[in-house]
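Enquirer: Got a structure for you, written out below as structure tokens; questions coming shortly.
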Amino acid sequence: MNNNLEVVQANNIKIDNKINTFYNPDNIYIPLYKGMKLNKDKDLNVLKNELLLKGSDFNIYSPISGVIKKIDDDIYINNKPIKAIVIENDFKEEVKKKKYATKYIDDLEPSKVLELMNKYNILDIPLNPIAKTLVISGIEVDPFERNNTFIINNYSAKILETIDALINIFHFEKTYFCITNNNSEVVYNLTSNIGTYPNIKLKVLDNSYPLGLESVLVSKLLTKKELKWKYNYLTCEDLLNIYRILKKDNPISEKLITVGGNCIDESKVIAVKYGTKISDIIKNNIEITNDKYLVVENGLIAGKVLSELNNIVTRNTRSIFLNTKDTRKEKKCINCGLCMFKCPVGLNPKLIKDGKGDKSKCIHCGACTYVCPSLINFKKYLGDKDE
Amino acid sequence: MNNTVFIRSKISIFTISLVRLLSLLPFILVGIYLNTFKINNINLFAFLKPLTYAFVGLIIGVLVNLIFTKKNKKDKLSDILFSSFHIEYGVILGCLMSPSVSLITFSITLLILFIISKLIDIKINVMALSFIIIYLITKYTTSFNLVERIATSDKDYLIGNITGSLLSTGFISYLIALFILRVNSSSKTDISIYASITFAILTLIASFFTNESFYELVFINSYLFIFLYVASDSISSSYTLKGVKVYGILIGIITFSLMLITPILAPFIAILITSLFSTVIDKLSNKFLKKKLT
């Protein structure tokens, strides 16, 4: 029996392939993480891509040019308060020194590629040069997001060039590019370009949630042998960022986020600067059709409600949704077993709800809550992954 | 992740029941044709009577849901009418009734049992219990034969060319209905499949030792229909992936064991007994099979 979970409501979400940008907020907020040193003094000018904060593990570069105004402590990341440097935008986008682009990125040495990725902190988990398999996910983490779709439709040539370069530089034995079969435009874009890259295997999978999560996709795609040999996992956005840093040796200053929900006129993908306040994005880019909304970050199924609109865009921000919540009352369990059947890691949410099951392996995808016919909210029993 | 829910699937008791009721159509349509048009000496009452039981069962299910559901302003009519599975129970029991059963007996008994099942929260198969009680009342209050089976060849069993209730419509209707339920990801069809296969294997072995026809043993008394619709009741059956298989196998075994003693009630008693232990079956099958794998 088919245990694919198709989020039918998401199939109707269509976005324009037009590139929307919001590069001109009045201020940008750079989080001042613990142990980080400010490389500049207050009231001094800062240029775009200039090193702003030095840390032991990573550095932060300014995404805009402007003036450092103050340190604000009314800024939030994932609803947690954090101190942030406020940079007033001068809207000039001035850079220190213009760099010439690298012509052929596959001519770069592996050490150079890894050095650049590390310098600009592109990936959460550094690329493993000895892994034999490369998995590229073109599947949205949340079915209501459209970041990967947007990137594939607008930048497929660059992405494929980057994958090919990585294969040649690191000698990956197998490369899988995974997409789902529900978006014909994406399938067409890739199948028409991928022919010139015989090293890249295109895998068109059934549209199922949460295939966009790494653990779920990899367990479905790779054999035990391939898992044992280790693999690298990259998303389309990772590839686009890698392309940009390899080409220009500049930090990434912007992020693509999907903006959607049932309280706005239309969904779209917007390129915004890192450190932009969510409230600025909403004020300047969205036409609100219903005031009774909550702001949800990173997905309608497994996302988090933002209690403060002073949350800022970080590398982990994928989407914001302005949506009303489901207020229907929970009913008595009908024992259908769908929560267990649709769970991607084989847990028993009904048993966990009764206080008996093991919830340690839960990946907090929200599939059980989504699918329950009795409207039971299992999220209450499965715990918050931030705790 | 926090606790607020924004989006839910369209699956509800209404959609689950609707799929199950629609999958009854092959049985109903073929049953009307074979049990009425093909029989000589039909009149309008005889033509409508098998369908009447299903309709009366539907009405009783609707009535019980309307009386016992707490209504909110925001609730849709479908949410109120299908607040539980009683409509489905009523229609399926109607399909199970032979035209020999008194309509009044059926209606009153069903209404009382449905009301009791709403008031007392016991995890038991309501359909099986209702059928057993209606059968016993009818048997001891009337002198009619409850089921008449006339078949001329084994082929008749496959296409359902035997008289009786609406569900006397054979293997092909069963396959169509099973396909409809399976495609719609009805998670309990495993129970039906495992029960049917277990029962079929046991009767095949038995048919080698007895003079009984395999087709007669498997297809008479509509056991396949009962496994498909009654055994797979959502509320009272096992729900885990391993539990449903064990549950189905047990139903098949117990039905076969009771078949010689009480051929009509055998599957219902089997389902009633296993439904009482469905939670235990879930617990033990997951524990035992997990240990075996490790």
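The values are calculated or read from the model by the stated rules, or taken from the named source; none is laboratory data. Quick caveat: nothing in here was measured; it's all calculated off a predicted structure. Glycine also receives a Cβ, built like all others from the backbone with ideal geometry; neighbour counts cover every protein chain displayed.
Enquirer: Name the residue, out of B:F27, B:F14, that is within 21 Å of B:L181 (Cβ to Cβ), among the aromatic types (F, W, Y), at pLDDT 90 or above and in contact with a Ser or Thr (Cβ under 8 Å, 6 or more places away or on another chain).
Expert: B:F14
Enquirer: Those residues that are surrounded by 19 or more Cβ atoms within 10 Å (Cβ to Cβ) and not in a loop (DSSP other than H, G, I, E, B), I need them from region B:1-32; list them, please.
Expert: Matches in region B:1-32: B:I13, B:F14, B:I16, B:S17, B:R20, B:P26, B:F27, B:I28, B:V30, B:G31.
Enquirer: Go over the candidates A:K304, A:K247, A:K268 one by one and state the one that is of a type outside the set (A, V, I, L, M, F, W, C), farther than 21 Å from A:N153 by Cα and either in contact (Cβ under 8 Å) with a residue 40 or more places away in the chain or surrounded by fewer than 24 Cβ atoms within 10 Å (Cβ to Cβ) (or both). Reasoning before the result, please.
Expert: Details: A:K247 fails: farther than 21 Å from A:N153 by Cα; A:K268 fails: farther than 21 Å from A:N153 by Cα.
The match here is A:K304.
Per-residue answers, yes or no, for (1) out of contact with any Pro (no Cβ under 6 Å at 6 or more places or on another chain); (2) crowded, with 21+ Cβ neighbours inside 10 Å; (3) part of a loop (DSSP other than H, G, I, E, B); (4) at positive phi:
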residue: B:I191; (1), (2), (3), (4): yes, yes, no, no
residue: B:Y215; (1), (2), (3), (4): yes, no, no, no
residue: B:F219; (1), (2), (3), (4): yes, yes, no, no
residue: B:S222; (1), (2), (3), (4): yes, yes, no, yes
residue: B:F225; (1), (2), (3), (4): yes, yes, no, no
residue: B:S257; (1), (2), (3), (4): yes, no, no, no
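Enquirer: Further question on the same structure: So in region B:172-189, with the set limited to residues that are closer than 17 Å to B:G31 by Cβ and crowded, with 22+ Cβ neighbours inside 10 Å, which one is modelled with the lowest pLDDT?
Expert: Going through region B:172-189, the residues closer than 17 Å to B:G31 by Cβ turn out to be B:172-178, B:180.
Filter once more, so that each one left must be crowded, with 22+ Cβ neighbours inside 10 Å: B:173-174, B:177.
Values: B:S173: 82, B:Y174: 85, B:A177: 89.
If we take residues in region B:172-189 being closer than 17 Å to B:G31 by Cβ and crowded, with 22+ Cβ neighbours inside 10 Å, then B:S173 is modelled with the lowest pLDDT.
Enquirer: Now for a separate question. Could you go through region A:258-280 and let me know if any residue there is within 14 Å of chain B (Cβ to nearest Cβ), closer than 30 Å to A:E93 by Cβ and not in a loop (DSSP other than H, G, I, E, B).
Expert: yes
Enquirer: Could you check region A:16-75 for strands (runs of 3 or more DSSP E) lying wholly inside it with 2 or more residues that are at pLDDT 85 or above, closer than 15 Å to A:I312 by Cα and not hydrophobic (A, V, I, L, M, F, W, C)?
Expert: A:27-31
Enquirer: Does A:V371 satisfy the criteria of being facing another protein chain (nearest Cβ under 8 Å), of a type in the set (V, I, T) and either surrounded by 22 or more Cβ atoms within 10 Å (Cβ to Cβ) or within 23 Å of A:N4 (Cβ to Cβ) (or both)? Walk me through how you get there before you give the answer.
Expert: On the way: facing another protein chain (nearest Cβ under 8 Å): yes; of a type in the set (V, I, T): yes; either surrounded by 22 or more Cβ atoms within 10 Å (Cβ to Cβ) or within 23 Å of A:N4 (Cβ to Cβ) (or both): yes.
So A:V371 fits the description; yes.
Enquirer: Further question: Among the residues of region A:281-299 satisfying the criterion of being in contact (Cβ under 8 Å) with a residue 60 or more places away in the chain and either assigned to a loop (DSSP other than H, G, I, E, B) or away from chain B (no Cβ under 14 Å) (or both), which is surrounded by the most Cβ atoms within 10 Å (Cβ to Cβ)?
Expert: Per the stated criteria, the residue is A:G299.
Enquirer: Does A:K69 fit the bill of being farther than 23 Å from A:K304 by Cβ, charged (D, E, K, R) and under 24 Å from the mean Cα position of the chain (by Cα)? Write out each step before concluding.
Expert: Details: farther than 23 Å from A:K304 by Cβ: yes; charged (D, E, K, R): yes; under 24 Å from the mean Cα position of the chain (by Cα): no.
Answer is no for this residue.
Enquirer: Would you call B:S232 among the small types (G, A, S), over 11 Å from A:N335 (Cβ atoms) and within 14 Å of chain A (Cβ to nearest Cβ)?
Expert: Values: among the small types (G, A, S): yes; over 11 Å from A:N335 (Cβ atoms): yes; within 14 Å of chain A (Cβ to nearest Cβ): yes.
Spelling it out, B:S232 is indeed among the small types (G, A, S), over 11 Å from A:N335 (Cβ atoms) and within 14 Å of chain A (Cβ to nearest Cβ).
Enquirer: Quickly run through region B:260-294 and pick out the residues that are surrounded by 15 or more Cβ atoms within 10 Å (Cβ to Cβ), at pLDDT below 90 and not in a loop (DSSP other than H, G, I, E, B).
Expert: Residues satisfying the conditions are B:K283, B:S285, B:N286, B:L289.
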